1. Among the residues of region 186-210, how many are surrounded by fewer than 16 Cβ atoms within 10 Å (Cβ to Cβ) and closer than 20 Å to Lys74 by Cβ?
2. Being part of a loop (DSSP other than H, G, I, E, B) and either at pLDDT 95 or above or buried (at least 24 other Cβ atoms within 10 Å of the Cβ) (or both) is the filter here, so list the residues in region 51-69 that pass it.
3. Of the residues Leu105, Leu72, Leu78, which single one is touching a helix residue (DSSP H, G or I) at 6+ places or on another chain (Cβ under 8 Å), over 21 Å from Gly190 (Cα atoms) and not hydroxyl-bearing (Ser, Thr, Tyr)?
Amino acid sequence: MLRALLDALADDPATGGHDPREEFVELENELHVVDELMLIGALSISFEDWAVQTQDLICGIDPGKAGAIAILDKAGDLVAVYDMPTSKTSTGRQAVDPHGVAEILRRHEPSMTVLEQVATRPGEGAVGAFSFGTSYGVVLGVLAALGLKHKLTRPEAWKKQVGIPAKSDKAVSIAFAKRLVPSCADALAGPKGGLKDGRAEAVLIATTVL
């Protein structure tokens, strides 16, 4: 119908020989370009959303108050590592902060999380054992609340898997982490130069599912 109207206008002497069909063709071409750009933009946004939603990241967690949360990619490179978030309780003691843990996990949305399954340690008192168990329970609860896929691994199991000899000290964990994940080396020291064995163990725990 629009084409017929343009044909009629083109034949109308009142237009002074101006052919409106030429302008229509130009406008139509411009609209096609706009449509293509909008389609490309829509595809770009969709791809970015898809990329964010399908991040293939692995998380390893050493659940103690002095522990850490490590994020690796599937190539085994370090993406990020965090000291375990803590906050002060009503008794003045530091405890694992569930909100801090949740914030880190939401930020990275790992496809798999490996959490160290804790148990009573030799020579540990009742207060220490209760505190350590509470920290583990808090992290486990956050994983469940966020619906994140996860597995548990006992200390002796993951250490055997990565090759750490039995009864080795924390320095060995740091050395193994640097060897297995070279990209984490700079992250294993605090601001004052102190070594962060919790970070090293979180990194090593994550490598068990690569």
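The values are calculated or read from the model by the stated rules, or taken from the named source; none is laboratory data. Keep in mind that this is a model prediction, so the values were computed, not measured. Cβ: placed from backbone, ideal geometry, glycine included. Neighbour counts: every protein chain shown.
1. Residues in region 186-210 being surrounded by fewer than 16 Cβ atoms within 10 Å (Cβ to Cβ) and closer than 20 Å to Lys74 by Cβ: 1 in total.
2. Scanning region 51-69 gives Pro63, Gly67.
3. Leu105
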